[in-house]
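For reference, the structure discussed in these notes is given below.
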Amino acid sequence: MPSLTKRASILPLALGLGWAVVWATLLGPSRALGAENFIFYFPSRHEALPLRQIDQSGYLPLEKTLRLFGRPVNKRERQGRVSWRFNRRQLEVRAGQKRVRVGRKRVDLPFPVRHLDGEWWVPISFLTEVLGEIIPDAMEYHAGTRRIFIGEVEPNSFELRFDSLPGGARLTLQFLQQTSISAAEEEGNWILYLGGHPLQPPQPRFEFSNPIIKSLAFDDQDGRPKLILTPGPDQMTLRPLLAEGGMVLILDVARSDPARTAEGRTPRAPESIAPAPAASGGPVVGADSLPAVVLDPGHGGIDSGARGQNGLSEKDWTWRFTYQVRLALIATGKFRVVMTRNGDQLRSLDQRAITANTNRGAVFVSFHLGHTGAGQRTVAPYIYQPPFGTTTARSAGALSFVPWEEVQNSHLPESLRLAQYLRDELAAIEDIAIREPVSAPVRLLRSVDSPAAFIEVGDLSSLEDSGDLEDPEFILQLAQAVVRAIERFSY
Ligand SMILES: [Zn+2]
């Protein structure tokens, strides 16, 4: 397993790329008969029925389907037709006919009902078009998929991002809902079981034209939602990391360390995919014990902050930049990251401080972009400067009430150390002018109950002219430096 410092140093290469749309191949409809299942997800159970592909549609066994939802009674079967009394409605279908009778209503299915091997089969759309009329529950069905969500079931999903790393590749999955994972190895693939909660993947399968990772497929044919990660032909090692309380899954795949192979270990042995032990960067699941870093993307909502000549607003840039810092911090496996806003949201300074203070022991960094007038790339770190005459330290041992506006005072020495590390790491970027940390009456910082710094990147006009604000390389360097400073400060 690579050391943490190594992980930290390879990570920022991922930064410049956005959540890429990955080329994918949808599983075609022509599959072997009877080889598939269709999964029904109910609020507290799931059921699988065989799915048959006939012509252009998947077909479900009608009577078995009805039995999942209730009790069909009074079955009458004669002359190529069958009927039941079901949920106080009369249901009748005919072999070879698209028309279905539901009580007094007639519903036309896109494909005809079939009577095969003594069983009645209906196209999948029967579920939403006919059954949906008879049962009281809501249904969520995505055309072309092999699963349906019934009632209060809210399927999880994810966004996928692919990044190339030196000697490896990384998949980052951002889930909609918390998940947990367990991993296993089967026939050269890694199977990642996703905590049993129903999931609707954005696509059934992602294919990568990459020597490290061939594909990532979703499968729940047995009712257990899982991802199947297929590596390239070489010997590979997988390091999965579940971060952000189960919201982000990072899958690092690398060519196996030759030294380790020489020791006689099988590179794909189950232990190589076990959750990272706490000693090497914290547990994979339940990372709540990790130290928190609170990142504050300046401004948001109707507060746009500074504006560039080409319409760029500070709030958008700070959001994008802070998001990159967040991903980079998560991938170190050493931190839990909290953002003070979710997207383009207006949050007051006090709300931001409260977010910081509900995460005890956190490091707080606020990011801004400004018209500094310097006419070149600059970064200025700030810490809070209390008004003249206030105490800068709490009296030892006294259980005194600390006024909200003096909360930061007792942290100032540590805040200065944080700002100095930020200064040192940012100073390593080429062609950048960096200021020594400045104490200023930054109102945002005064109520933050942890080491806190504020960074202003500038000069907005010249960065806009040079294209630096959109330059992935520059943003990467900045984010890298911030992550290094926070690591140095925390460890
Ligand atoms: Zn600002």
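Any read-out appearing in this document is the output of simple, stated calculations on the displayed coordinates, not a laboratory observation. Here the structure is a predicted model, which is why all the values come from computation and not from measurement. Glycine also receives a Cβ, built like all others from the backbone with ideal geometry; neighbour counts cover every protein chain displayed.
Bridging of K64 to aspartates and glutamates at a Cα separation below 14 Å is possible for E47, E119, once same-chain residues fewer than 8 apart are set aside. Which lysines, on any chain, are close to K226 with Cα under 19 Å apart, when same-chain ones fewer than 8 places away are left out? Within the straight-line limit of under 19 Å, K226 reaches these lysines: K214.
The order of the peptides 408-416, 300-308 by mean Cβ neighbours within 10 Å, most packed first, is 408-416, 300-308.
Annotation note: GluC sites (Glu not before Pro) in the stretch 421-471 located in DSSP loop regions with a Cβ neighbour count of at most 16 within 10 Å are E430. Scanning residues 5 or more positions from V363 or on other chains, those with amide H under 5 Å from its amide H are A292, V293, V294, with H placed 1.01 Å from N in the peptide plane. Each peptide in 240-249, 99-108 receives the mean, over its residues, of other Cβ atoms within 10 Å, and ordering these scores from highest gives 240-249, 99-108. Just tell me which aspartates and glutamates come within less than 17 Å, Cα to Cα, of K334; anything on the same chain fewer than 8 places away is out. Cα-Cα hits under 17 Å: E244, D252, D288, E487.
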